[in-house]
Amino acid sequence: MNVLGIETSCDETAAAVVVSGRKVLSSCIFSQVALHGPYGGVVPEIASRSHVQTLPRMIDQAVSEAGLDWDGLDAVAATFGPGLASSLLVGVGAARGLAQRLSLPLIAINHIEAHIYSVFLDDDGPELADVLPFIALVVSGGHTMLVRVEGLGQYSVLGRTVDDAAGEAFDKGANLMNMGYPGGPIIDRTAKTGNRNAIRFPRGGRLKASPMLGGMDPALCFSFSGLKTALLYHLRDNPLDGSESALADVTASYQEAIVGSLAQRCRIALQEDGVHALAAVGGVSLNGRLRERLAEVADRAGVRLMLSKPRYCADNAAMIAGLAGAGQGITGRSDLAMDIDPNMRLQDFAD
Ligand code: KG4
Ligand code: ZN
């Protein structure tokens with residue numbers, strides 16, 4: 001089963017072909033980072049215009065790099081949510097047109113579920129049956145959550161951020177230090193030579209139980225807004241003087257607070273019954289220090305650590321086509337009439 005996947009939920013325009021949920025024949029990604037950089041964040045209007053311009057080329061490239069022609073495709077899959085409405089519409093519109101033209105099923109995919117699935121891509125990925133149940137840490141520019149995975153389509157969200165996502169904490173921090181956008185990779189690089197214990201930034205503490213948490217365990221929820229404010233005050237009282245080592249120390253300490261908060265909640269989540277593995281997915285899972293800390297946490301808990309390959313961490317269409325090929329469309333049938341859902345939740349369509 002050759003599935004063409006299309007992903008346009010935010011600022012990556014991506015298309016890919018994956019066979020039977022696993023073997024990636026092509027994965028083409030156009031990153032709009034240079035377009036949004038001057039604004040310090042994603043501008044929805046610019047994102048959707050760029051998707052309209054670039055997506056046809058990505059689709060052509062994905063099909064030809066897969067060595068197929070149009071009649072070699074068996075289904076078309078696209079991200080229907082969550083994401084920016086004006087961006088989602090471009091990918092879903094293109095997918096719907098193609099599916100109709102080629103008389104193929106259109107498979108609607110949840111973006112977060114696809115991120116979780118990304119650890120299983122490629123023939124050398126783990127076997128799903130060997131690692132269930134597992135805990136997934138989803139960390140990107142838009143999402144930060146801990147999910148217990150009993151099987152494909154069987155998820156319970158254990159905790160999530162109550163304010164900023166972990167990627168936003170990196171991006172906003174880098175912005176406060178005038179380091180450029182996106183901040184995650186820049187801070188990751190700069191922090192390498194710094195002392196991570198130079199400054200003690202807050203780690204979000206333990207949140208109080210509140211109706212806002214919707215029944216989730218406060219010990220497994222995240223908060224990053226206080227950290228950002230602490231950085232602001234630190235920079236006000238200790239302005240950066242152009243010294244490279246001072247900048248390295250601040251970034252290393254700031255990164256340690258974000259990573260420490262993520263690792264600590266993973267450690268608690270791994271105490272759940274019968275868990276066999278910890279997965280980390282999304283753009284922030286590229287972070288070197290996070291990978292180091294999660295390896296320690298998994299090791300101590302005696303569970304397997306599953307990290308997406310770097311090419312599947314940030315937004316990509318291989319995870320969309322892969323999940324569709326694994327039989328995980330949202331409705332289990334062709335979704336030609338379904339609408340996008342910018343606020344789609346992981347549990348909305350769980351079994
Ligand atoms: O998954 P992704 O590409 O897009 C979303 O779905 O949001 O994640 C983008 C986020 C950005 O906030 C970026 O700063 C962060 O991932 N990121 C990193 C690293 N590489 C990307 N954060 C920390 N360390 C990195 N190496
Ligand atoms: Zn994403």
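The values are calculated or read from the model by the stated rules, or taken from the named source; none is laboratory data. Just so it is clear, the model here is predicted, and its values are computed rather than measured. Here the Cβ positions follow ideal geometry from the backbone for every residue, glycine too, while neighbour counts run over all protein chains shown. Only protein heavy atoms, including side chains, enter the accessible area calculation; ligands, DNA and RNA are left aside. Shrake-Rupley method; radii C 1.70, N 1.55, O 1.52, S 1.80 Å.
Evaluate the following for F170: is it open to solvent by less than 70 Å² (accessible area, probe 1.4 Å) and away from ligand 2 (no atom under 16 Å from the Cβ)?
The answer is no for F170.
From G194, G173, G167, G183, grab the single residue that is within 19 Å of L247 (Cα to Cα) and near ligand 1 (Cβ under 8 Å from one of its atoms).
Just a single option satisfies the conditions, and that option is G183.
Mind checking which residues of segment 272-283 are surrounded by fewer than 23 Cβ atoms within 10 Å (Cβ to Cβ) and either at pLDDT 95 or above or not assigned by TED's automatic domain parsing to the domain that holds I186 (or both)?
Of everything in segment 272-283, those that are surrounded by fewer than 23 Cβ atoms within 10 Å (Cβ to Cβ) and either at pLDDT 95 or above or not assigned by TED's automatic domain parsing to the domain that holds I186 (or both) turn out to be V275, H276, A277.
Give the residues of segment 18-41 that are farther than 29 Å from D122 by Cα and in contact with a Gly (Cβ under 8 Å, 6 or more places away or on another chain), sorted by residue number.
Residue satisfying the conditions is G37 alone.
For segment 22-105, which fully contained helices (runs of 4 or more DSSP H) count at least 3 residues that are among the acidic types (D, E) and assigned by TED's automatic domain parsing to the domain that holds A321?
44-65
Just the residues that are crowded, with 19+ Cβ neighbours inside 10 Å and out of contact with any Leu (no Cβ under 9 Å at 6 or more places or on another chain), please, taken from segment 288-309.
Residue satisfying the conditions is R289 alone.
Can you name the number of the only condition in (1) in a helix (DSSP H, G or I); (2) within 16 Å of ligand 1 (Cβ to nearest atom); (3) open to solvent by 20 Å² or more (accessible area, probe 1.4 Å) that M212 fails?
All conditions pass for M212, except number (2).
Of the numbered conditions (1) over 19 Å from the mean Cα position of the chain (by Cα); (2) over 21 Å from A257 (Cα atoms), M179 satisfies every one except a single condition; which is it?
Every condition holds for M179 apart from (2).
Got at least one residue in segment 238-248 being among the charged types (D, E, K, R) and under 26 Å from G205 (Cβ atoms)?
No, the conditions are met nowhere in segment 238-248.
Please state which one of S103, S140, S87, S118 is open to solvent by 20 Å² or more (accessible area, probe 1.4 Å) and small (G, A, S).
Only one candidate qualifies: S103.
Mind checking which residues of segment 123-145 are closer than 18 Å to H276 by Cβ and more than 16 Å from ligand 1 (Cβ to nearest atom)?
Correct list: G125, P126, E127, L128, A129, D130, V131, L132, P133, F134, I135.
Take the residues in segment 121-133 that are touching a helix residue (DSSP H, G or I) at 6+ places or on another chain (Cβ under 9 Å) and not in a helix (DSSP H, G or I), then tell me which one is surrounded by the fewest Cβ atoms within 10 Å (Cβ to Cβ).
E127
As an exercise: evaluate M177 against (1) open to solvent by less than 10 Å² (accessible area, probe 1.4 Å); (2) modelled with pLDDT of 95 or more and give the number of the one condition it does not meet.
Failed condition: (1).
Could you list, in sequence order, the residues of segment 280-327 that are in a helix (DSSP H, G or I), more than 16 Å from ligand 1 (Cβ to nearest atom) and among the aliphatic types (A, V, I, L, M)?
Residues satisfying the conditions are V297, A298, A301, A321, A324.
Consider segment 196-237. How many of its residues are in contact with a Pro (Cβ under 7 Å, 6 or more places away or on another chain) and over 12 Å from R160 (Cβ atoms)?
6
Residues in segment 59-69: is at least one open to solvent by 40 Å² or more (accessible area, probe 1.4 Å) and more than 30 Å from D124 (Cα to Cα)?
No, because not a single residue in segment 59-69 is open to solvent by 40 Å² or more (accessible area, probe 1.4 Å) and more than 30 Å from D124 (Cα to Cα).
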